[in-house]
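Undergrad: Sharing a structure with you now.
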Amino acid sequence: MSKDKIWQEYMEKNFDKFISSLKSDDFIKGKKEIINHQDFDFLEPKKTYDCLRKIITQDAIKKLQNRFRAHKHRENRGIKNLQLKSHSLYMLDKFKAQVGADTLEEAIDFLLSPDYRDYEHDVGLAKQRLGEGNFDSTELMIDSFAKRLKNYDRERLSLIIALAFNEGWRAAKQTKKRTGNPRQEALNQSDLYNIVVKSIARSVSVD
């Protein structure tokens, strides 16, 4: 992709967002102005900058130049942004260290690329060690699952969680046993849990 083509696509997508991010001090008149992107020529950077210098300060111009420079670097190298929750990034960093990868990109290659199939044992061992760690993945698991559901099903999921919580609350107040594994025994006696387990078993047998 040519440099000017990258510029044109970037400005079409990001011009309005960039202008709205500017503060009053970034405008030559000292106050925010309404700028219509249709009034600007995005064919090449120089023409756009020449027009903008009549409205915004040189420091604001530099902000745009820096953002575009970073974007062009990512485009030329085929680099895309990846958003992860902090605990997911922490897990990936730990995995990277376990398998001896130099970068996060290589760590993902260890997991997905057939070029790293000779390292399956190391990958499996690293995943096992990570699984034994104390990572807070509950939010991620629920969020990923909920996204697959329709709104009606999300409401039912919320109701099921409330029922499970209330059932657990009542059981906790009634249980005085401290030997063995009272938590697991209480779970096995949970009506709601057993209903779900039986339902899963029936679905598997049908499949």
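The values are calculated or read from the model by the stated rules, or taken from the named source; none is laboratory data. For clarity, every value in this text was computed on a predicted model and none was experimentally measured. All Cβ positions, even for glycine, are placed from backbone atoms using ideal geometry, and neighbour counts span all protein chains on display. Just the protein is used for accessible areas: all its heavy atoms, side chains included, with ligands, DNA and RNA removed. Shrake-Rupley method; radii C 1.70, N 1.55, O 1.52, S 1.80 Å.
Undergrad: Any chance you could run the full-extension gain for S158 through N76? It's 0.36 nm times the residue separation minus the Cα-Cα distance, nm to one decimal.
TA: 25.0 nm
Undergrad: Here is a follow-up. Going from most exposed to least, what order do S113, S20 have by accessible area with a 1.4 Å probe?
TA: Correct descending sequence by accessible area is S20, S113.
Undergrad: Still on this structure, please answer the following. Which value, in Å², gives the accessible area per residue of the chain when a 1.4 Å probe is used on the protein heavy atoms?
TA: 78
Undergrad: Still on this structure, please answer the following. Looking only at Cα atoms, what is the convex hull volume of the chain per residue, in Å³?
TA: Here the figure is 277 Å³ per residue.
Undergrad: Under 5 Å between amide H atoms, partner at least 5 residues away or on a different chain: which partners does I56 have, H built in plane at 1.01 Å?
TA: I28
Undergrad: Angle check, please: helix 138-147 long axis (alpha carbons) against the longest principal axis of the chain (alpha carbons), in degrees 0 to 90, nearest 10.
TA: The angle comes out near 70 degrees.
Undergrad: Now for a separate question. Please determine, in degrees from 0 to 90 and to the nearest 10, the orientation of helix 3-21 with respect to the longest principal axis defined by the Cα atoms of the chain, where the helix direction is its Cα long axis.
TA: Once rounded, one gets 80 degrees.
Undergrad: Here is a follow-up. Which of G78, G124, G100 moves the most in a Gaussian network model of the chain with Cα springs under 10 Å?
TA: Ranking G78, G124, G100 by mean-square fluctuation puts G78 first.
Undergrad: To continue, here is another question. Where is the GNM fluctuation largest for the chain (alpha-carbon springs, 10 angstrom cutoff): K31, K127, K94?
TA: K31
Undergrad: In addition: Could you report the accessible area of T48 in Å², rounded to 10, computed with a 1.4 Å probe on the protein chains as they sit in the structure?
TA: Its accessible surface works out to 0 Å², give or take rounding.
Undergrad: If I stretch the segment between Q174 and Y193 completely, what's the gain in nm (0.36 nm per residue apart, minus their alpha carbon distance), one decimal?
TA: 5.1 nm
Undergrad: Which residues does a label at E185 reach in the range 152-174, if reach means a backbone N under 18 Å from a point 7 Å past the Cα toward the Cβ?
TA: Counting only backbone N, you get 168-174.
Undergrad: Could you please state how large a percent of the accessible area of the range 30-123 is carbon and sulfur, counting protein chains only and using a 1.4 Å probe?
TA: Accessible surface attributable to carbon and sulfur in the range 30-123 totals 48 percent.
Undergrad: Which Cα, out of I142, L43, N166, lies furthest along the positive dipole direction of the chain (beta carbon charges, K/R +1, D/E -1)?
TA: Ranked along the dipole, the leading option is N166.
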